[in-house]
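Trainee: My questions will all concern the structure given below.
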Amino acid sequence: MRLGIIGYGQMGNAIEKVAIERGHNVSVIVDPKKGYLFDDIPISALRAVDAYIDFSEPDALVENIKRVADLGKNVVVGTTGWYEKLDMIKEIVSNKGITLIYSQNFSMGMNIFFNIVQFASRVINHFPEYDISGFEIHHNKKKDIPSGTAKKISELIIENVDRKKKPVFYPGNRKISSEELHFSSIRCGNFVGEHTIIMDSPSDTIKLSHSAKNRKGFAIGALIAAENIGNLEGVHTFSEILKRILKEEL
Ligand SMILES: NC(=O)c1ccc[n+]([C@@H]2O[C@H](COP(=O)([O-])OP(=O)(O)OC[C@H]3O[C@@H](n4cnc5c(N)ncnc54)[C@H](OP(=O)(O)O)[C@@H]3O)[C@@H](O)[C@H]2O)c1
């Protein structure tokens, strides 16, 4: 495939490397802050791209999707921290008839972890003596807090544990109520991404944890999404794509 990378930071660079390993051609790179502007790239080159992959920043996302939609091209979105604009993005995608796949976390391991968290939450729902909380650690240059993955994990717990009604990421100076799911964030050094959930009873503690060792896992997932995007229409999550791929293989 001919790919366009939007956002040439740590993830953009990782995607370029893995794309080449997988036999793709990265023909366009867009990153205005590094001097690669949409408007400076010949329209023929922008149109020749089969799919774009955006790992930029939350404030840039809507404008980037508008540009890609105007080109009539499909796009994979790894950028996090924009989900309150999902309805707006869905409208842009449907008006222009393109396809968009997004995920808070494109790592295969994390998608396995989502299933484990879902299962653990269903089990713990039957054992009220266990309280539940979580925390995430990322490198100190990450722009959004909490991580999109922390929000997704919190959603999975709340959907499956009746006694937890809402996530609290910034409780302030007060006690956490029993209906709240406390999920805290740490920004430190070079952590690629670590997410842990804790289930604690008076007798014991269960901890489930996922640690990303490098950015390659995210890049592979984003490229699998790009490779499968042609068979779909509209806005989809990466979990849906994985379910489809697994069904085809089973
Ligand atoms: N879904 C996943 O699996 C996953 C995994 C890892 C990271 N992420 C997310 O992906 C995003 C990028 O992460 P990263 O670690 O690669 O961050 P990063 O190193 O800061 O890279 C972001 C890049 O986008 C550039 N940029 C800023 N405005 C832009 C615009 N309007 N159009 C295009 N590019 C623009 C930034 O330039 P400047 O540095 O000059 O601002 C930077 O080069 C974040 O939202 C992060 O949370 C998602």
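The values are calculated or read from the model by the stated rules, or taken from the named source; none is laboratory data. Values in this document were obtained by computation on a predicted structure and should not be read as measured data. Here the Cβ positions follow ideal geometry from the backbone for every residue, glycine too, while neighbour counts run over all protein chains shown. When the accessible area is computed, the model is the full protein with side chains, heavy atoms only, and any ligands, DNA or RNA have been set aside. Shrake-Rupley method; radii C 1.70, N 1.55, O 1.52, S 1.80 Å.
Trainee: Examine region 149-157 for a residue that is polar (S, T, N, Q), open to solvent by less than 70 Å² (accessible area, probe 1.4 Å) and modelled with pLDDT of 95 or more, and state whether such a residue exists. Step through it out loud before you land on a result.
Mentor: Taking region 149-157 first, the residues polar (S, T, N, Q) are 149, 154.
Checking the rest, the ones that are also open to solvent by less than 70 Å² (accessible area, probe 1.4 Å) come to 149, 154.
Adding the requirement that they be modelled with pLDDT of 95 or more leaves 154.
Yes: one or more hits.
Trainee: Tally the residues that are touching a strand residue (DSSP E or B) at 6+ places or on another chain (Cβ under 8 Å) and either under 29 Å from residue 136 (Cβ atoms) or within 16 Å of the ligand (Cβ to nearest atom) (or both), restricting the search to region 93-105. Full working, then the answer.
Mentor: Let us first name the residues in region 93-105 that are touching a strand residue (DSSP E or B) at 6+ places or on another chain (Cβ under 8 Å), namely 93-94, 98-103.
If we keep only those that are either under 29 Å from residue 136 (Cβ atoms) or within 16 Å of the ligand (Cβ to nearest atom) (or both) too, we end up with 93, 100-103.
Of the residues in region 93-105, 5 are touching a strand residue (DSSP E or B) at 6+ places or on another chain (Cβ under 8 Å) and either under 29 Å from residue 136 (Cβ atoms) or within 16 Å of the ligand (Cβ to nearest atom) (or both).
Trainee: While we're on this one: Of all residues in region 190-219, how many are more than 18 Å from the chain's Cα centre (by Cα) and open to solvent by 30 Å² or more (accessible area, probe 1.4 Å)?
Mentor: Number satisfying all stated conditions: 10.
Trainee: Anything in region 185-207 that is within 15 Å of the ligand (Cβ to nearest atom), among the small types (Gly, Ala, Ser) and assigned to a loop (DSSP other than H, G, I, E, B)? List them, or say none.
Mentor: Within region 185-207, 189, 193 qualify.
Trainee: Just give me the residues in region 220-242 being open to solvent by 40 Å² or more (accessible area, probe 1.4 Å) and away from the ligand (no atom under 13 Å from the Cβ), in sequence order.
Mentor: 227, 228, 230, 231, 233, 240
Trainee: Looking at (1) assigned to a helix (DSSP H, G or I); (2) more than 28 Å from residue 60 (Cβ to Cβ), find the lone condition where residue 182 falls short.
Mentor: (1)
Trainee: Please name all residue pairs, on different chains or six or more residues apart, with Cβ atoms under 6 Å, provided the first residue is in region 168-188 and is among the hydroxyl-bearing types (Ser, Thr, Tyr) and the second residue is surrounded by 12 or more Cβ atoms within 10 Å (Cβ to Cβ) and outside any strand (DSSP E or B).
Mentor: Going by the 6 Å Cβ cut-off, the qualifying pairs are 185/145; 185/146.
Trainee: Being hydrophobic (A, V, I, L, M, F, W, C), at pLDDT 95 or above, under 20 Å from residue 224 (Cα atoms) and surrounded by fewer than 16 Cβ atoms within 10 Å (Cβ to Cβ) narrows it down to one residue among 101, 20, 15, 29; which is it? Before you say what the answer is, go through the steps one by one.
Mentor: Values: 101 fails: surrounded by fewer than 16 Cβ atoms within 10 Å (Cβ to Cβ); 15 fails: surrounded by fewer than 16 Cβ atoms within 10 Å (Cβ to Cβ); 29 fails: surrounded by fewer than 16 Cβ atoms within 10 Å (Cβ to Cβ).
From the options 101, 20, 15, 29, the qualifying one is 20.
Trainee: Take residue 182 and tell me if it is modelled with pLDDT of 95 or more, within 16 Å of the ligand (Cβ to nearest atom) and either over 16 Å from the mean Cα position of the chain (by Cα) or not aliphatic (A, V, I, L, M) (or both).
Mentor: Numbers: modelled with pLDDT of 95 or more: yes; within 16 Å of the ligand (Cβ to nearest atom): no; either over 16 Å from the mean Cα position of the chain (by Cα) or not aliphatic (A, V, I, L, M) (or both): yes.
Spelling it out, it is not the case that residue 182 is modelled with pLDDT of 95 or more, within 16 Å of the ligand (Cβ to nearest atom) and either over 16 Å from the mean Cα position of the chain (by Cα) or not aliphatic (A, V, I, L, M) (or both).
Trainee: Checking residue 205 against (1) outside the structural domain of residue 91 (by TED's automatic domain parsing); (2) of a type outside the set (A, V, I, L, M, F, W, C); (3) in contact (Cβ under 8 Å) with a residue 12 or more places away in the chain: exactly one of these is not met. Which one?
Mentor: All conditions are met except number (3).
Trainee: What residue, of 26, 77, 62, 68, is touching a residue at least 60 places away in the same chain (Cβ under 8 Å) and within 15 Å of the ligand (Cβ to nearest atom)?
Mentor: After ruling out the rest, the residue left standing is 68.
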